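The values are calculated or read from the model by the stated rules, or taken from the named source; none is laboratory data. Since the structure is predicted, the reported quantities are computational estimates derived from the model, not experimental observations. Using ideal geometry, Cβ is built from the backbone for each residue, glycine included, and neighbour counts are taken over all protein chains shown. Quick note on the areas: whole protein, heavy atoms, side chains included, nothing else; ligands and nucleic acids left out. Shrake-Rupley method; radii C 1.70, N 1.55, O 1.52, S 1.80 Å.
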Amino acid sequence: CIRDRTKSRIEGVRPVIEAIRSGRRRVFEVELPDERKTPGLRELAELLKERGIAIRTPERRPPGATAGRVVARAEPFPEESFEALLDSVRPRMLVGLDRVTDVGNLGSIARSAEAAGVKGLILEHRHAPPIGPGVLRGSAGAIEHLRVGRTPNLARALDFARSEGLCVVAA
């Protein structure tokens, strides 16, 4: 198991596929089961072959352990400052999340936002989870196609966005 801090884990077939497709971060290797019975596993195997990404066969697991897991080692998820996100996203349709701390909820919101054409998410530094395996699974990889900007204070960030000409809608 790789414990290098310069690499992160992506778990699940769809999140790994979307990380590779987005091209925003390098995927170093993927642990892929020998049996590729599902369409998703076959699609992933083809994509790995096409992109020249190393495939690793999982080590033997003890009886009862989860078999057939897909785990990738990749560069860390690229987060940026809110200001950088605001400067470069066109059209500027962003979603600000206030104190969404559950990784599954953050993933679900990211999935819906990406489907709606949103270009990025605004998260607070302290009141939002890091973008890790749980968020990636919850978003089914959709967050790989969104930019994520962090800010120390969401209310001030939204005020600044309004002063920059963005329409801010709260729900």
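Restricting to DSSP H runs of at least four residues, report the calculated mean residue ellipticity at 222 nm for the chain, -39500 (n - 2.57) per run over all residues, nearest 500 deg cm²/dmol.
-10000 deg cm²/dmol
How charged is the neighbourhood of Val168? Take every other residue with its Cβ under 15 Å from the Cβ of Val168, and add Lys/Arg as +1 and Asp/Glu as -1.
Local net charge: 0.
Among the helices of the chain (complete DSSP H runs), which have Cα atoms covering no less than 15 Å along the helix axis and a Kyte-Doolittle mean of at least -0.5?
103-115
What is the set of long-range amide H partners of Ser81 at a cut-off below 5 Å, with H atoms built 1.01 Å from backbone N?
When sequence neighbours closer than 5 places are left aside, the close amide H contacts are Arg150.
Probe radius 1.4 Å, ligands and nucleic acids ignored: give me the carbon and sulfur share of the accessible area of the range 14-171 as a rounded percent.
Roughly 50 percent, rounded to a whole number.
Could you tell me how far the Cα centroid of the range 70-111 sits from the Cα centroid of the range 14-63, in Å?
Rounded to whole Å, the Cα centres lie 23 Å apart.
Kindly report the accessible area of the chain per residue (heavy atoms of protein chains, probe 1.4 Å, no ligands, DNA or RNA), in Å².
For the chain, the per-residue accessible area is 56 Å².
Over the chain, what is the relative contact order in whole percent, taking alpha-carbon pairs under 8 Å and six or more residues apart?
27 percent.
In terms of the Cα gyration tensor, with a ≥ b ≥ c the square roots of its eigenvalues, is the range 67-164 rounded because a/c is under 1.5, prolate because a/b exceeds b/c, or oblate?
Prolate, since a/c reaches 1.5 and a/b exceeds b/c.
Taking 0.36 nm per residue of sequence separation and subtracting the Cα-Cα distance, how much length would be gained by fully extending the chain between Arg69 and Glu46, in nm to one decimal?
6.6 nm
Name the residue from Leu106, Ala155, Ala19 whose Cα lies farthest towards the positive end of the charge dipole of the chain, charges +1 on Cβ of Lys and Arg and -1 on Cβ of Asp and Glu.
Value: Ala19.
For the chain, what is the charge dipole size about the Cα centre, in debye to the nearest 20, if Lys and Arg each add +1 at the Cβ and Asp and Glu each add -1 at the Cβ?
340 debye
Express the Stokes-Einstein translational diffusion coefficient of the range 93-148 in µm² s⁻¹, to the nearest whole number, given a Kirkwood radius over alpha-carbon pairs, 25 °C and a viscosity of 0.890 mPa s.
Result for D is 230 µm²/s.
Count charges around Glu18 for me, please; just the other residues with Cβ under 14 Å from its Cβ, Lys/Arg as +1, Asp/Glu as -1.
Around Glu18, the charge tally is +3.
Counting DSSP beta bridges with both partners in the chain, what percentage is antiparallel, nearest 5?
35 percent
Could you work out the Kirkwood radius for the chain, taking every pair of different alpha carbons, averaging 1/r and inverting it, reported in Å?
Final number for the Kirkwood radius of the chain is 17.1 Å.
Would you grab the residues whose amide H sits under 5 Å from the one on Glu31? Only those 5+ places off in sequence or on another chain, please, with H modelled 1.01 Å from N.
Arg56, Val71, Ala72, Arg73
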